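Report on the structure given below.
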Amino acid sequence: MKVAVVGSGQLARMMALSAWPMGIRFSYLVQQGDSLDPITSLGDVIYDEAFPEAEALYKALGEPDVITVEKEAVDTDRLKALQAFCPVYPDPKMLETCRHRGLEKSWVNEQGVDVAPYRRTGNRQEILAALDAIGYPAILKTCTGGYDGYGQWRIKSAEDAVALEEEVCNLDCVLEGFVNFKREVSMIAVRNAEGESRFYPLTENLHRDGTLLTSKAPAPNLTAELQQQAEEIANKLLAASNYVGILAIEFFVTETADGGEHLVVNEMAPRVHNSGHWTQLGCISSQFNNHIRAITGLPLGNTQAMKITGMVNLLGVEMDNSVLVNSDQQLHGYGKSLRPGRKMGHINLVADSYEELDAQINATLAKVYPEG
Ligand code: ATP
Ligand code: MG
Ligand code: MG
C-alpha cells in the first residue's frame, strides 16, 4: 500500500511513522522552498513544479493508492486533476471550505451548528459597520493563510479600530465577536469511506499567544453530555461533507444560563491536528494511525483513552531528551532547525489522576521554559 502526502512537515512525518509498521509506504508532494527535514528518509519527495501534467505527477509519486494532505493551504485544482487516478481524501472541496474562514463559518452555520458572531469585511468601513453590529472586544482574522494566531488583530476599543493599518483593513477578513469562553476543547473525529465514524474523547487545550501550548485528554470534568454534544456536531459535519479521514474541530465552551456547557465552533482542520498528538500515547490507534486506516480502507482503530494523557508543545526550544521530567513521558521531535516560536516537537505524558497530570504538565513547562 502506498500513500502520497501533500506536504513535508511534522504531520506528514508522524502519519508515515505511525503507518510504517503496518507496511504502508509514503511519498511527498512538495513545493520549491518547503523544508524537507521532517520527512528525510521516509520516502520519495516529488516537486510539484517538475510535473505539470497530472498523469506524470501521479506516476512520479509512485502511483499511490490514495493521496492525502497535512495542511489545507494546498493547490486544490491540482488535487482535483489527480482525482482521475486515485482517491484524494479529504475531498478537495472540503479543503477549500476549511482553508477560508468566511466559507468555513457559513458552511458550519448551514449545517445548523453555532459559530461565533461574525461579518465578512474588506475595508475600514465594513469593519466599522461590523463592530457596530457585533460590539467590542472583537477579533479581525484574515480569511486565508492564518495559523497559530498569525493574521489576527484584537480590537478592544474604537481606538484600536482606528489604529488598524489601511493595508490590514483591505484584506479579505472576518470580524468575529470575542467569545467569553470557559475553556477551549477540540474533537478529533475519523470517518471512513463506508461512512463508519469514531470519536476521540474531547481534549482541553490551552493556547499561549494564539499557539497551542498544552492539551489534556480526556478534558478534565468531561461530562457524557458534552462529549455527546461534540459527537453530534462532528457527525453532522462529517456526514454533510462525506468526509474521509481525520477531521479536527476546535470549540469554545460557553456557559449556559443554567450553568451547563454549550459548544461553539471556532474552526475546523481537515487533517490530523496538534491537539490530537496525545493520542500517540493515550490510545491504541493514534489520530495519525486512524487517518491512514480511514483513507486506505482498513478497519478503524480504537479511539478510547487508556489513561489520563497530556501534551506539552516544544515551541522555539531545542528538542532533546534532557527535557523529560520522568519515565511516564514520551518525546517526539520533528527534525527541524531551531527558530523562535517554531514547533520543534512535543512531549506526551500519562498520569493516574488529574492532580498528577497538572503537576507533571507544570513541571514539564518549568523545565522546557525556565524563563517562564
Ligand atoms: P490554529 O489554526 O493554529 O489553531 P489560528 O491562527 O487559526 O490557530 P484561531 O484558532 O482562530 O487561530 O485562534 C487562536 C486562538 O485565539 C483560539 O484558540 C482562542 O484562544 C483565541 N480566539 C480566537 N478567536 C476567538 C474568539 N472569537 N473569541 C475568543 N478567543 C478567540
Ligand atoms: Mg486555524
Ligand atoms: Mg485554531
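The values are calculated or read from the model by the stated rules, or taken from the named source; none is laboratory data. Because the structure is a prediction, the values reported are computed rather than measured. Note: ideal-geometry Cβ built from the backbone for every residue, glycine included; neighbour counts use all protein chains shown. Surface accessibility is based on the protein's heavy atoms, side chains included, excluding ligands, DNA and RNA. Shrake-Rupley method; radii C 1.70, N 1.55, O 1.52, S 1.80 Å.
Overview of results
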{"read-out": "Residue selected from the stretch 67-84 under the condition under 19 Å from the mean Cα position of the chain (by Cα) and in contact (Cβ under 8 Å) with a residue 60 or more places away in the chain, by the criterion surrounded by the fewest Cβ atoms within 10 Å (Cβ to Cβ)", "value": "A73"}
{"read-out": "P87 surrounded by 13 or more Cβ atoms within 10 Å (Cβ to Cβ), touching a residue at least 40 places away in the same chain (Cβ under 8 Å) and closer than 23 Å to D209 by Cα", "value": "no"}
{"read-out": "Contacts under 6 angstrom Cβ, first residue in the stretch 203-229 being within 13 Å of ligand 3 (Cβ to nearest atom), partner part of a helix (DSSP H, G or I) and open to solvent by 10 Å² or more (accessible area, probe 1.4 Å), 6 or more apart", "value": "L212/N274"}
{"read-out": "Matching residues in the stretch 99-147 - criterion: being within 10 Å of ligand 1 (Cβ to nearest atom), open to solvent by 50 Å² or more (accessible area, probe 1.4 Å) and part of a loop (DSSP other than H, G, I, E, B)", "value": "P117, P137, G145, Y147"}
{"read-out": "Selection from the stretch 111-162 of residues that are in contact (Cβ under 8 Å) with a residue 60 or more places away in the chain and either more than 27 Å from the chain's Cα centre (by Cα) or more than 15 Å from ligand 2 (Cβ to nearest atom) (or both)", "value": "Q111, G112, V113, D114, P117"}
{"read-out": "Among the candidates L331, L263, L300, residue that is open to solvent by less than 30 Å² (accessible area, probe 1.4 Å) and over 27 Å from V66 (Cα atoms)", "value": "L263"}
{"read-out": "Qualifying strands (runs of 3 or more DSSP E) (wholly inside the stretch 157-268; at least 1 residues being among the acidic types (D, E))", "value": "173-177, 183-191, 203-208, 245-255"}
{"read-out": "Complete set of residues in the stretch 199-221 that are among the hydroxyl-bearing types (S, T, Y), within 16 Å of ligand 2 (Cβ to nearest atom) and at pLDDT 95 or above", "value": "T203, S215"}
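So that you can scan it fast, the table gives a plain yes or no per residue for (1) farther than 24 Å from N313 by Cβ; (2) open to solvent by 10 Å² or more (accessible area, probe 1.4 Å):
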| residue | (1), (2) |
| --- | --- |
| R208 | no, yes |
| L213 | no, yes |
| P220 | no, yes |
| I233 | yes, yes |
| N242 | yes, yes |
| G245 | no, no |
| A257 | yes, yes |
